[in-house]
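**Q** First the structure, which I've put down as structure tokens, then a few questions once you've had a look.
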């Protein structure tokens, strides 16, 4: 197990970035960086992150800003954990762990949610551990929105294993048509530069979506197959702006017993 070698990350840690942003991007401070020969991942104080290739910093695999969204739905309400946490969400710790690992923990509605980011070779492991702090079994649901970008294409088309390339919104559910364990983002419909997400824990829903509308939701999102997130000839928002939403079910959360969710995001 890694040892804690640095405490709360609430001040500038390694680097600042002059990357382009959009007017819709929430303002935030970068407080740390995970890096190896393949990937560089910048960390935001509230838990968000952005990622690019280490050996070619011009190649982003997420939007270069604090535009990812992590949300939690309990029996009582829906909460946004980052960015701009909903009232009632408390960050209880943010630790830089030994090696290329970062962990942030929130407490909300008698649940403890930990997000651990672990950089291993070409992949960023995104791990969530959820623990009930109550005295009875409960349930919850978690949603992670990754704001995709490939190089300068903010509207990176999304390829879904077994279904092909999408440039318009689409929705997958399990059981049903969510039969895949991977999706990836492409610089363009015919390009080979990709970033890959492995669903090591199966979600119950996945949506490929237009970030400009998805960002306005905390949890539930209604896709529209007529809504494009990539328009030919446009690589910037608002014309082109893609994202992927992954929904995970946490059934029968027993008191003090952790449930774990794991995905990876990186390059082949």
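Every number in this text was worked out from the coordinates using simple rules, so none of it is lab data. Everything numeric in this text was worked out from a predicted model, so none of it was measured. As a convention, Cβ positions derive from the backbone with ideal geometry for all residues, glycine included, and neighbour counts pool all protein chains shown.
**Q** At residue 36 and residue 174, where each label point lies 7 Å from the Cα along Cα→Cβ, what is the point-to-point distance in nanometres?
**A** Distance between the two pseudo-spin positions: 2.5 nm.
**Q** So for each of 205-213, 86-94 I average, over its residues, the number of other beta carbons within 10 Å; can you give me the resulting order with the highest mean first?
**A** Values: 205-213: 22.6, 86-94: 14.0.
Answer by packing, highest mean first, reads 205-213, 86-94.
**Q** In addition: Rounded to the nearest 500, what is the chain's calculated 222 nm mean residue ellipticity when only DSSP H runs of at least 4 contribute -39500 (n - 2.57) each, over all residues?
**A** Here the helix-only value at 222 nm equals 0 deg cm²/dmol.
**Q** Roughly how many whole Å is it from the C-alpha centroid of the range 65-136 to that of the range 219-251?
**A** If you average the Cα positions of each part, the centres end up 22 Å apart.
**Q** Could you tell me the relative contact order of the range 4-266? Use alpha-carbon pairs under 8 Å, at least six residues apart, and round to a whole percent. Please list the in-between numbers first.
**A** Numbers: 693 pairs, mean separation 49.6, N = 263.
Relative contact order, the range 4-266: 19 percent.
**Q** Same structure, new question: With 16 Å as the cut-off, how large is the P(r) tail for the range 167-257, expressed as percent of Cα-Cα pairs?
**A** Values: 2482 of 4095 pairs.
Result: 61 percent of Cα pairs exceed 16 Å.
**Q** Taking N as the number of residues in the range 4-266, what is its alpha-carbon radius of gyration divided by 2.2 N^0.38 Å? Don't skip to the answer; put the middle values down first.
**A** On the way: Rg = 17.4 Å, N = 263, 2.2 N^0.38 = 18.3 Å.
Dividing the Cα Rg of the range 4-266 by 2.2 N^0.38 Å gives 0.95.
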